[in-house]
1. Exactly one condition in (1) touching a helix residue (DSSP H, G or I) at 6+ places or on another chain (Cβ under 7 Å); (2) in a loop (DSSP other than H, G, I, E, B); (3) surrounded by fewer than 21 Cβ atoms within 10 Å (Cβ to Cβ) is false for residue 120; which is it?
2. Does residue 108 fit the bill of being assigned to a helix (DSSP H, G or I) and at pLDDT 55 or above?
3. Scan segment 123-145 for residues that are in contact with a helix residue (DSSP H, G or I) (Cβ under 6 Å, 6 or more places away or on another chain) and assigned to a helix (DSSP H, G or I) and jot them down.
4. Find all pairs meeting these conditions: Cβ atoms under 7 angstrom apart; at least six residues apart or on different chains; first residue within segment 131-145 and touching a residue at least 24 places away in the same chain (Cβ under 8 Å); second residue surrounded by fewer than 17 Cβ atoms within 10 Å (Cβ to Cβ) and part of a helix (DSSP H, G or I).
5. Being assigned to a loop (DSSP other than H, G, I, E, B) and either more than 15 Å from residue 142 (Cβ to Cβ) or at pLDDT 80 or above (or both): is that true of residue 92 here?
């Protein structure tokens, strides 16, 4: 009976080579999965990493901000979409509401927190502060928007609003 059982299998060797091959294949798959997970983690980190807030943390009062803001642009203003005020509370919510109500005014105002110099943010005027979450963390951006809204409500022309904002927050003055 022993000979017949050996004849059926064809050899006396156990079938370990296939098991070893399966184990190697499993290790390769594990490395692929781990590599894919590492790539996904890096992509998520790049996408959602916090931006540097060095310039936004301390308001600057220098003429370079005024120089970067071009108030001589002719033609129609580029009004961009802003985030919904419903996403925020308190002063932030009021500032985002101002951006919804008077975008044509905020688009003509500089900001002096440093966001105009930031290549990461890419802001061109105070309205841009409310197109992203920067307006939620920056008290100066909020204050400029709220003061502009109040001056606009009183009927003050945008040129005078801009002049007042410059005199208050920038060394360039009028």
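The values are calculated or read from the model by the stated rules, or taken from the named source; none is laboratory data. Just so it is clear, the model here is predicted, and its values are computed rather than measured. Ideal geometry is used to build each Cβ from the backbone, glycine not excepted, and the neighbour counts take in all protein chains shown.
1. (1)
2. Answer is no for this residue.
3. Answer for segment 123-145, where residues must be in contact with a helix residue (DSSP H, G or I) (Cβ under 6 Å, 6 or more places away or on another chain) and assigned to a helix (DSSP H, G or I): 126, 127, 129, 130, 135, 136, 141, 142, 144, 145.
4. Between residues of segment 131-145 that are touching a residue at least 24 places away in the same chain (Cβ under 8 Å) and residues that are surrounded by fewer than 17 Cβ atoms within 10 Å (Cβ to Cβ) and part of a helix (DSSP H, G or I), the close pairs are 142/91.
5. no
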